[in-house]
Amino acid sequence: HEAVPLMTLPVALSLVLALLAVAHGWWAVGGIWPAASEPDLARAVIGDGRTRMPPPWQCAGVAAALIVVAAWPWVIVAWPDSPFVLIGSIVVGAVFFLRGAAGYGPRWRARFKAEPFRTRDFYIYSPLCLALGVAFIALLTREMH
């Protein structure tokens with residue numbers, strides 16, 4: 001008997017990543033939610049002092065990558081013993097974990113100072129990345145038999 005039902009983790013991972021993909025896709029087509037203006041959005045989600053969002057193709061590229069990663073939990077569930085899935089899962093987990101950990105490092109904090117990014121990164125973005133990294137590795141290790 002598991003404390004967390006078997007499908008809860010892949011569903012949660014896919015849902016969170018799909019929502020992040022939708023946000024990036026929205027930004028790719030010129031949307032500014034959840035901010036009131038493009039400069040406000042850039043300060044909230046980039047944090048390096050710029051007042052313009054990256055070009056649409058970059059936002060779309062991130063959205064596409066997030067869609068692939070949102071599907072990855074189901075790849076883990078379907079083929080947990082595949083060497084390809086093992087390597088891919090370690091890479092995905094490590095990327096999220098390293099991004100999350102970087103958010104607390106002095107170099108990152110010195111480079112990304114703009115508010116509200118700095119505060120949101122400390123309390124939301126970096127912890128979310130850490131949690132996603134741990135969740136991918138946890139799902140992989142749970143599914144390997």
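Structure notes:
- Cα centroid separation, the stretch 27-65 to the stretch 87-120: 17 Å.
- Whole-number percent relative contact order across the stretch 1-81, with pairs defined as alpha carbons under 8 Å at least 6 apart: 38
- Placing +1 on the Cβ of every Lys and Arg and -1 on the Cβ of every Asp and Glu, with no other charges, gives the chain a dipole of roughly 600 debye about its Cα centre.
- Here the extension length gained between Ile90 and Val16 equals 24.8 nm, from 0.36 nm per residue of separation less the Cα-Cα distance.
- Charge-dipole axis of the chain as Lys and Arg at +1 and Asp and Glu at -1 on Cβ define it, positive-most pick from Phe97, Ala35, Val68: Ala35
- Counting only whole DSSP H helices of the chain, the ones at least 27 Å long by C-alpha along their axis and with mean Kyte-Doolittle hydropathy no lower than 1.0 are 8-28, 56-78, 83-102.
- Residues of the stretch 13-40 with amide N under 16 Å of the 7 Å Cα→Cβ point at Thr51: 36-40
- Using the 1.4 Å probe convention, the accessible area of the chain works out to 58 Å² per residue with neighbouring protein chains retained.
- Over the chain: helical MRE at 222 nm, DSSP H runs n ≥ 4 each giving -39500 (n - 2.57), nearest 500: -22500 deg cm²/dmol
- Exposure check, 1.4 Å probe, all protein chains in place: Ile46 carries approximately 20 Å² of accessible surface.
- Of Phe112, Phe84, Phe97, the residue with the largest accessible area leads and the full order is Phe84, Phe97, Phe112 (1.4 Å probe).
The values are calculated or read from the model by the stated rules, or taken from the named source; none is laboratory data. Just so you know, these numbers come straight off a predicted model, no measurement behind them. Cβ: placed from backbone, ideal geometry, glycine included. Neighbour counts: every protein chain shown. Each accessible area value is taken on the protein alone, full model and side chains, heavy atoms only, with ligands, DNA and RNA left out. Shrake-Rupley method; radii C 1.70, N 1.55, O 1.52, S 1.80 Å.
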